[in-house]
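The values are calculated or read from the model by the stated rules, or taken from the named source; none is laboratory data. In this text, all values refer to a predicted model and were calculated from it rather than measured experimentally. Cβ atoms come from the backbone with ideal geometry, glycine included; neighbour counts cover every protein chain shown.
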Amino acid sequence: MPRPQLIVFDLDDTLIAAYGARAQAWASFIPRYADRLGGRRPADVAAAIDDAAGKFWADHGNLHRHRFDMTAARRSIVGAAFATLRFDDHDLPEEIAEAFSRDREAAYRLHEDAQPTLDRLRSAGFRLAILTNGGTRSQRAKLERFDLARRVDHIQIEEEVGVGKPDRQAFDKMLRASGCQAAGAWMVGDRLDWDVRGSQSAGMVGVWYNPANEPAAAGFRPDLVIGRLAHLIDRLV
Ligand SMILES: [Mg+2]
């Protein structure tokens, strides 16, 4: 594997912890509404919401329409869960979606080796970029909050360029903007479909960030697997 000129990082659940553990998040959140669920058990409501979320995001149309506005997506998801539970409350889905989104945002945290890894790689001469799907407002806010923007040479956000991972054009566009050939670029991310296979399809090296040490799903062949971001330093510096 050639030494990279450019190392591209995914943001959510790679540099920062953002959306992982959805089922647990709903399970610990919903009990605060226990007395407003029409007698339903909070655990059942939380499970129905998580189930509705899985179905919602598996639908490509939903993914394209709603991923720039998570709160609106969650309003639809909670509404769908309520419908399956035959629970008719007009206002509660919106209230829950907004409060859950605020909680989730407050719970974002930076992986402890993210900044040191970026800084070490950059001082060793690698060019760095962040390639993230999602909306401008939410992604820029995370980059500022965790002091990441100034640590990389280039940032590409799906909403700002009109194309996202795993679309090959997203990678091609970023490579052009970075002035780098695909063969000299690594993409590091937590999603096998978007980050690893997407980048490989553009000719890049696909590095799977896999902190839970899960087996790769069938059909995916990451070029390299790392359990911690700092493993890039061990490998490259
Ligand atoms: Mg990610």
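Take P42 and decide whether it is away from the ligand (no atom under 16 Å from the Cβ), in contact with a strand residue (DSSP E or B) (Cβ under 9 Å, 6 or more places away or on another chain) and modelled with pLDDT of 95 or more. Reasoning before the result, please.
On the way: away from the ligand (no atom under 16 Å from the Cβ): yes; in contact with a strand residue (DSSP E or B) (Cβ under 9 Å, 6 or more places away or on another chain): no; modelled with pLDDT of 95 or more: yes.
Taking the combined requirement at face value, the residue does not satisfy it.
So if I check each of A141, A183, A177, A149, which one is more than 14 Å from the ligand (Cβ to nearest atom) and either of a type in the set (S, T, N, Q) or touching a helix residue (DSSP H, G or I) at 6+ places or on another chain (Cβ under 7 Å) (or both)?
Numbers: A141 fails: either of a type in the set (S, T, N, Q) or touching a helix residue (DSSP H, G or I) at 6+ places or on another chain (Cβ under 7 Å) (or both); A183 fails: either of a type in the set (S, T, N, Q) or touching a helix residue (DSSP H, G or I) at 6+ places or on another chain (Cβ under 7 Å) (or both); A177 fails: either of a type in the set (S, T, N, Q) or touching a helix residue (DSSP H, G or I) at 6+ places or on another chain (Cβ under 7 Å) (or both).
Sole residue among the options that is more than 14 Å from the ligand (Cβ to nearest atom) and either of a type in the set (S, T, N, Q) or touching a helix residue (DSSP H, G or I) at 6+ places or on another chain (Cβ under 7 Å) (or both): A149.
What pairs can you find where one residue is in the range 1-29 and within 30 Å of R41 (Cβ to Cβ), the other is away from the ligand (no atom under 16 Å from the Cβ) and β-branched (V, I, T), and their Cβ atoms are less than 7 Å apart, with a gap of 6+ or different chains?
Note: pairs meeting the criteria are W26/I49.
Which strands (runs of 3 or more DSSP E) sit wholly inside the range 124-190 and have at least 2 residues that are buried (at least 20 other Cβ atoms within 10 Å of the Cβ) and touching a Pro at 6+ places or on another chain (Cβ under 7 Å)?
On the way: elements: 127-132, 154-157, 185-189.
Result: 185-189.
Can P2 be described as away from the ligand (no atom under 16 Å from the Cβ) and farther than 26 Å from L175 by Cα?
Considered against the rule, which asks whether it is away from the ligand (no atom under 16 Å from the Cβ) and farther than 26 Å from L175 by Cα, P2 comes out as no.
Across the range 152-174, what is the number of residues that are touching a residue at least 24 places away in the same chain (Cβ under 8 Å) and away from the ligand (no atom under 16 Å from the Cβ)?
Going through the range 152-174 one residue at a time, the tally reaches 5.
Residues of the range 191-215 being away from the ligand (no atom under 13 Å from the Cβ), of a type outside the set (G, A, S) and in a helix (DSSP H, G or I), which ones?
Of everything in the range 191-215, those that are away from the ligand (no atom under 13 Å from the Cβ), of a type outside the set (G, A, S) and in a helix (DSSP H, G or I) turn out to be R197, Q200.
Considering only helices (runs of 4 or more DSSP H) fully contained in the range 1-87, which possess at least 2 residues that are closer than 16 Å to F100 by Cα and either of a type outside the set (V, I, T) or touching a helix residue (DSSP H, G or I) at 6+ places or on another chain (Cβ under 8 Å) (or both)? Don't jump to the end; show me each part of the working.
Values: elements: 22-29, 42-58, 60-66, 70-84.
Per the criteria, 22-29, 42-58, 70-84.
Could you please give the count of residues in the range 137-186 that are among the charged types (D, E, K, R) and in contact with a Gly (Cβ under 8 Å, 6 or more places away or on another chain)?
Here the count works out to 5.
Mind listing whichever residues of the range 88-123 are within 20 Å of P211 (Cα to Cα) and not in a helix (DSSP H, G or I)?
Y108, R109, L110, H111, E112, D113 - these are the residues of the range 88-123 that are within 20 Å of P211 (Cα to Cα) and not in a helix (DSSP H, G or I).
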